[in-house]
Amino acid sequence: AGNVSIATPGYNEVEKWTLAFRSLSLLVSSGLSSPTGVAVDGAGNVYIADTGHNAIKEWTAANNVTPLVSFGLSSPEGVAVDGAGNVYIADTYDNAIKEWTVANSNVTTLVSSGLNLPFCLVVDGSGNVYIADTHDNALKEWTAASNNVTTLISSGLNRDSGVAVDGSGNVYIADAGN
């Protein structure tokens, strides 16, 4: 608790900042190519958007890095994980949002149209996915209950590059161009 995982694409590493020691340590230092996104599940496993290898990789507490999804992706930039361990992927150059399901290790496409280079995403406690649709300068939401995509913000953003949601459902956006 209180730890932060950081993807450093220029160094092809993932680092971890530990609150208790107020220190930065190297988590993954090899086998990555331009990692751009990370997510951590409740067990402390770290999921990495290994953009340059068109893959999602998983780092476990046993210090192992294994490919979770290594096919069918095109420059995945963002990754998120829900409470059940399902992994959501912003498959940037495919203009799609995909889900790897822990129950059967299958990848399905949740959103395949209406996106323009989605960069990152986050999932809330109800399974809804918030998407920073970077080249549309929009924030979009895929609603799990209806399987529909809604545009929440369509103006005023400029290169939205990060998104987070808190326990109350408030959505936060990193807006790189403003």
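The values are calculated or read from the model by the stated rules, or taken from the named source; none is laboratory data. Keep in mind the model is a prediction, meaning the values are calculated, not measured. Please note: Cβ atoms are built from the backbone with ideal geometry, for glycine as well, and neighbour counts cover all protein chains shown. Remember, those area values only see protein heavy atoms, side chains included, never the ligands or the DNA or RNA. Shrake-Rupley method; radii C 1.70, N 1.55, O 1.52, S 1.80 Å.
Among (i) 0.97; (ii) 1.33; (iii) 1.12, find the value of Cα Rg over 2.2 N^0.38 Å that was calculated from the structure presented, and write down its label. Working out Cα Rg over 2.2 N^0.38 Å from the coordinates points to (i). Accessible surface comparison of Ser25, Ser75, probe 1.4 Å, protein chains only, largest first: the order is Ser25, Ser75.
Please report, as a whole percent, how much of the solvent-accessible surface of the chain comes from carbon and sulfur atoms (probe radius 1.4 Å). Ligands and nucleic acids excluded, carbon and sulfur reach 47 percent. Electrostatic tally near Val46: other residues with Cβ closer than 13 Å to its Cβ, Lys and Arg +1, Asp and Glu -1, net -3. Taken as Cα centroids, region 26-59 and region 112-140 sit 20 Å apart, rounded to the nearest whole angstrom.
A 1.4 Å probe run over region 1-128, with the rest of the protein chains in place, finds 46 Å² accessible per residue.
Using a 1.4 Å probe, how large is the accessible area of Phe119, given in Å² and rounded to the nearest 10? Estimated to the nearest 10 Å², Phe119 gives 60 Å². In plain terms, the chain from Asn86 to Thr108 could stretch by 6.8 nm, reckoned as 0.36 nm per residue minus the Cα-Cα distance. Across the protein chains, with a 1.4 Å probe defining accessible surface, the residues His53, His135 rank His135, His53 from largest area downward. Computed over neighbours whose Cβ is under 10 Å from that of Gly114, the net charge equals -1, Lys and Arg +1, Asp and Glu -1.
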